[in-house]
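Worksheet for the structure shown next.
Taken together, the values in this text are just the output of simple stated rules run on the coordinates, not laboratory data. This one's a predicted model, so the numbers in the text were calculated from it and none came from an experiment. So basically every Cβ, Gly included, is an ideal-geometry build from the backbone, and we count neighbours across all protein chains shown.
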Amino acid sequence: MRPQSLRSSLAQLQRGQSLLEYWPAIPAAIAVMIGASILVGFVNNTFLKTANGLEGYCKPEAVIETSAELYNHKIEASARVYDSVTDRTTIAYTVTSGDQPAISHWILGVPKGVADRVISTSEAWAWIDVDPTTGAKGMKFDIGYSPTSSGGTSGGGGNGGSNGGGPKKGAVKGFHIAPFSVLAVGGTETRVISITLDGNFDFGSITVTTKSGATQIGTDTISGPIAPVDDNTNQNNDNGVDRSKGC
């Protein structure tokens, strides 16, 4: 055999021996790379599922307005108190009517289930499914407003209402009418309407509607009670965000 051929054969044997020596390590390296790839995929998939879960369960809470502007009138959600001893919720709305034209009546668009839980109010109201002049649904307060530009304090509203209030036809449950004060000054009249409900309530966005003059109808949204609290949903006053998911 020629020397060159011998050297070539030896070199091939050496390469073969080296390959045999490293052969067990090759599958292990490949397995490590495949395992790493699977792990990264698993982590990414888990992260995406978690992110999607948070998006579904922990969505940002919507802003609920506490003040409604309706032409030259304004209604504000000015109080909200829950008494755990009596298990009652008291809310108050400050209604300010401008003149030309003034508010003849307004409607708080709470659900019927909320209206059924009314214990007392500071002003007479009636449940209405469809208001003839506005088409609104809810608790209708029908004592009109009489702003004055001369200033001073008035004891009651005009346009078909007495200052003491009283039961209206179709009113839900009996209620006690507490005295209310009316401030009429600078072309506006302001009243604070309080409502006491039986139980604790979730709050959300509800519709409020005003009727003024012959044709002026104002509609806006405001914070209000939307349903009695159900402790099983763990959504008390969270506007639909499910806190049971760990948010």
What distance in nm lies between label points placed 7 Å from Cα along the C-beta direction at Ser194 and Thr133? 2.9 nm
Points 7 angstrom from Cα along the Cβ direction at Gln100 and Ile64: gap in nanometres? 3.7 nm
Simple spin-label estimate for Asp87/Thr215, 7 Å along Cα→Cβ, in nm, reads 5.1 nm
